[in-house]
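Novice: The structure that follows is given in the form of structure tokens.
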Amino acid sequence: MSNHWLDQLLITPILLPLLSAALLVFINQRRHQLKFTINLLSCLALLVNAGALVYLTDTGHWPRDIGVYLAANWATPFGIALMADRLAAMMLLLSAVIALAALLYAYARWSRTGVHFHSLFQFLLMGINGAFLTGDLFNLFVFFEIMLAASYGLVLHGFNAARVRAGMQYIVINLVSSFFFLIGVALIYAAAGTLNMADLATRLTGLNATDRLLLETGAAILAVAFLTKSAVWPLGFWLPTTYSAASPPVAAMLVLMTKVGVYILLRLWLLVFADHAGVASALGGNALLTIGVVTIAFGSIGLLASQELGRMAGYSAIISSGTLLAAIGYGQPNVISAALFYLLSSTLAVAALVMLIELIERIRKPSAAMLALTMEAFAIGDAPEQDDSAGVPIPAAMAFLGLAFFACALIIAGLPPLSGFIAKFSLFHAMLNPYGLSAVTADVGTLAAWLLMALIIVSGLAAVISLMRYGVRTFWATESTPPRLQLTEAGAVAGLLFLCVVATVQAGPLRSYLDRVSIGLHHPADYTQRVLSTPTVPGVVNPEGSE
Amino acid sequence: MEIVIAIAIGVLFGSGVWLVLRPRTFQVITGLLLLSYAVNLFIFIMGRLSINLPPLTLEKGPIDPALYADPVPQALVLTAIVIGFATTALYLVVLLASRGMTGTDHVEGREPEL
């Protein structure tokens, strides 16, 4: 432990949003320029921080490339440990990128349609970052609740009847799933006597049969909570309604939140329930695969049936969750690595799509009657005029919208030349050669793999059909005046799509990085040893009784 | 004692589930409250039931764990109570807002057509 200053980078993604959110609460809503600046600075700092963590976890700065931060300097199994490996760092970077885009998008209108948008936004980031970094199950619950509480506020942001109705259902479902989370955590504690994930993984082998059964029950109940968050088939009916009701920047953040559930499943299952070969998880691997397959089918049917773009984006997110879960259930390192590529590409594309929706809707109805209502409800004095100085309207708006929509559709459907195609192609490649190309096995993939591939292709077809139907109807079949787009709004969408293009061009280096991520995940022993062997920092005041 | 607590939690949880599935928001929030009581009790007893045992020790040196109650579930349940309370209060606000905006207390925001 040479340089403790760099270890602080693990706690700043949690502390920074907390402090800026607290600061933002006290600034009057009229000073939205100042609030926006603080929020933007915080997001930029988070981006730099996440970039630094990605760099540090990939260059051997920390032993085994995992950074560990002991909160309040308590020794590991007793205190809460924060940890960052390559996966956590990558997810932090993704969340910072999407947050930045959502914030830029919100600048022109949405951040001013109600109070405390910026504080809630920062609290949401704090919860998401905390969930990525924590190494303790109960602490994970706390960060989940912070994230959810902020998201309740944000879903209701820009208060109207549709949002209140969707928000009410969203809150009930998440409250109930939080109860499941607690029951699962309590059962795991009762069985294993620990909530530290690394400690849990090491204690698992020493458990007797009764405790083991209790622990697996707890894990299954816990999984229900995460699966609800990632909106898989029987638990995901809330998602399309919530997505289409929420304001666009908030919907983009919700897209990210579904990936938090996937992230936790990936981490916990490979860490705790992987067998000793470190490959497919013995418990629930097949269940995850089945749920994933059914979810893809459900999402495709929903996608074909929806007429509204908001619901289409929701079902695309469900398909994306399903594909990821099926890949996690499949479990081989190179399948996971391909799935991570898919995660990056689909998250960016769906986030871009939900923000694009509102811009496209302006072709049809340029008014903002709803805006006036909330202004009145919250008694906000300086209503932003429709075309004030918040950015410059961009020329060629129709061309931009058409191209951006086309790019989103290509990525979501997985057609060449953009990153969606590369993601799906490498996923198929990995499923057909689960042990790598060099392995001399003559098998041509299992039945499950073929079924999954067929479904993924069908889901792509469903996306093509429904998105193109919408696109033709909107861009070609209506005579419309070009809408006014603000530079910040178009810039946010363009930025996300640009990152997808970068992922396409730089697919080779990105894939080799993701291979390293996946291999790290498949060596849980590294993780447990690293976390459990981290010494407390000497020379500072130690808690009473811990030497 | 275990069986009494187990039945109590089961009754609370069962009533909570039934109420959450009802169509009126007031029933739903009552159900959520019952569920949260059940879950909090459940976490609490996961540290095993014991009578007259302190959760903390002030003594130095090695101690006998059998003489003390497990403090961790007690700390967990405290956190869970606070968080559950806050989120339920938030739901109450949304419930009132929905009642005010839609004029009905049905969870769908409109009365079902009979």
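Novice: Which residue, of A:Thr205, A:Thr217, A:Thr194, is modelled with pLDDT of 85 or more, surrounded by fewer than 20 Cβ atoms within 10 Å (Cβ to Cβ) and more than 10 Å from every other protein chain (Cβ to nearest Cβ)?
Specialist: Working: A:Thr205 fails: modelled with pLDDT of 85 or more; A:Thr194 fails: more than 10 Å from every other protein chain (Cβ to nearest Cβ).
The unique qualifying residue is A:Thr217.
Novice: Report every pair of residues separated by at least 6 positions or lying on different chains whose Cβ atoms are under 8 Å apart, first residue within the range B:48-71 and under 20 Å from A:Ala186 (Cα atoms), second exposed (fewer than 10 other Cβ atoms within 10 Å of the Cβ).
Specialist: Pairs found: B:Leu49/B:Met1; B:Leu49/B:Glu2; B:Tyr68/B:Leu56; B:Pro71/B:Leu56.
Novice: Among the numbered criteria (1) more than 11 Å from chain A (Cβ to nearest Cβ); (2) closer than 30 Å to A:Ala166 by Cβ; (3) of a type in the set (A, V, I, L, M), which single criterion is violated by B:Leu92?
Specialist: Looking at each condition in turn, B:Leu92 falls short on (1).
Novice: Return only the number of the condition from (1) modelled with pLDDT of 85 or more; (2) surrounded by fewer than 21 Cβ atoms within 10 Å (Cβ to Cβ); (3) of a type in the set (A, V, I, L, M) that A:Ala251 does not satisfy.
Specialist: (2)
Novice: Continuing with the same structure: Filter the range B:33-63 down to residues that are β-branched (Val, Ile, Thr) and over 12 Å from the mean Cα position of the chain (by Cα) and give me whichever is surrounded by the most Cβ atoms within 10 Å (Cβ to Cβ).
Specialist: Pass one, the range B:33-63, residues β-branched (Val, Ile, Thr): B:39, B:43, B:45, B:51, B:57, B:63.
Then keep just the ones that are over 12 Å from the mean Cα position of the chain (by Cα); that gives B:45, B:51, B:57, B:63.
On the way: B:Ile45: 18, B:Ile51: 6, B:Thr57: 14, B:Ile63: 10.
Here the residue is B:Ile45.
Novice: Taking the criterion of being at the interface with chain A (Cβ under 7 Å from one of its Cβ atoms), within 14 Å of B:Thr25 (Cβ to Cβ) and in contact (Cβ under 8 Å) with a residue 12 or more places away in the chain, would at least one residue in the range B:74-82 satisfy it? So that I can check it myself, show each step before the final result.
Specialist: Just the residues of the range B:74-82 that are at the interface with chain A (Cβ under 7 Å from one of its Cβ atoms), to begin with: B:76, B:79-80.
When the remaining residues are screened for being within 14 Å of B:Thr25 (Cβ to Cβ), the result is none.
The answer is no; no qualifying residue exists.
Novice: Residues of the range B:52-63 being away from every other protein chain (no Cβ under 11 Å) and polar (S, T, N, Q), which ones?
Specialist: Residue satisfying the conditions is B:Asn52 alone.
Novice: Looking at the range A:398-434, which of the residues that are of a type in the set (S, T, N, Q) and surrounded by fewer than 24 Cβ atoms within 10 Å (Cβ to Cβ) is modelled with the lowest pLDDT?
Specialist: A:Asn433
Novice: Any idea which of (1) part of a helix (DSSP H, G or I); (2) within 10 Å of chain A (Cβ to nearest Cβ); (3) loosely packed, with under 13 Cβ neighbours inside 10 Å; (4) not hydroxyl-bearing (Ser, Thr, Tyr) is the one B:Ala66 doesn't satisfy?
Specialist: Going through the list (1) part of a helix (DSSP H, G or I); (2) within 10 Å of chain A (Cβ to nearest Cβ); (3) loosely packed, with under 13 Cβ neighbours inside 10 Å; (4) not hydroxyl-bearing (Ser, Thr, Tyr), B:Ala66 breaks only (2).
Novice: While we're looking at this one, here's another question. For the range A:108-122, give me the residue count where each residue is part of a loop (DSSP other than H, G, I, E, B) and in contact with a Pro (Cβ under 7 Å, 6 or more places away or on another chain).
Specialist: Total meeting the criteria: 1.
Novice: Determine, yes or no, whether A:Ala186 is within 7 Å of another protein chain (Cβ to nearest Cβ) and buried (at least 24 other Cβ atoms within 10 Å of the Cβ). Give the steps one after another, and end with the answer.
Specialist: On the way: within 7 Å of another protein chain (Cβ to nearest Cβ): yes; buried (at least 24 other Cβ atoms within 10 Å of the Cβ): yes.
So A:Ala186 passes the test.
Novice: Taking the range B:95-114 as the region of interest, how many residues are away from chain A (no Cβ under 11 Å) and either touching a strand residue (DSSP E or B) at 6+ places or on another chain (Cβ under 9 Å) or exposed (fewer than 12 other Cβ atoms within 10 Å of the Cβ) (or both)? Talk me through it step by step, then tell me what you get.
Specialist: Initial filter on the range B:95-114 (away from chain A (no Cβ under 11 Å)): B:111-114.
Retained after the next criterion (residues that are either touching a strand residue (DSSP E or B) at 6+ places or on another chain (Cβ under 9 Å) or exposed (fewer than 12 other Cβ atoms within 10 Å of the Cβ) (or both)): B:112-114.
Residues flagged as away from chain A (no Cβ under 11 Å) and either touching a strand residue (DSSP E or B) at 6+ places or on another chain (Cβ under 9 Å) or exposed (fewer than 12 other Cβ atoms within 10 Å of the Cβ) (or both) within the range B:95-114 amount to 3.
Novice: When residues of the range B:1-51 are filtered for being within 11 Å of chain A (Cβ to nearest Cβ), of a type outside the set (A, V, I, L, M) and assigned to a helix (DSSP H, G or I), how many remain?
Specialist: 9
Novice: Taking the range A:155-176 as the region of interest, how many residues are among the small types (Gly, Ala, Ser) and either more than 7 Å from chain B (Cβ to nearest Cβ) or not in a helix (DSSP H, G or I) (or both)?
Specialist: Taking the range A:155-176 first, the residues among the small types (Gly, Ala, Ser) are A:158, A:161-162, A:166-167.
Narrowing the set further to residues that are either more than 7 Å from chain B (Cβ to nearest Cβ) or not in a helix (DSSP H, G or I) (or both) leaves A:158, A:162, A:166.
Residues flagged as among the small types (Gly, Ala, Ser) and either more than 7 Å from chain B (Cβ to nearest Cβ) or not in a helix (DSSP H, G or I) (or both) within the range A:155-176 amount to 3.
Novice: So how many residues does the range A:334-378 have that are at pLDDT below 50 and outside any helix (DSSP H, G or I)?
Specialist: 3
The values are calculated or read from the model by the stated rules, or taken from the named source; none is laboratory data. Just so we're clear, the structure is a prediction, and the values are computed from it rather than from any experiment. Neighbour counts are summed over all protein chains in view; Cβ atoms, including those assigned to glycine, are modelled from backbone coordinates with ideal geometry.
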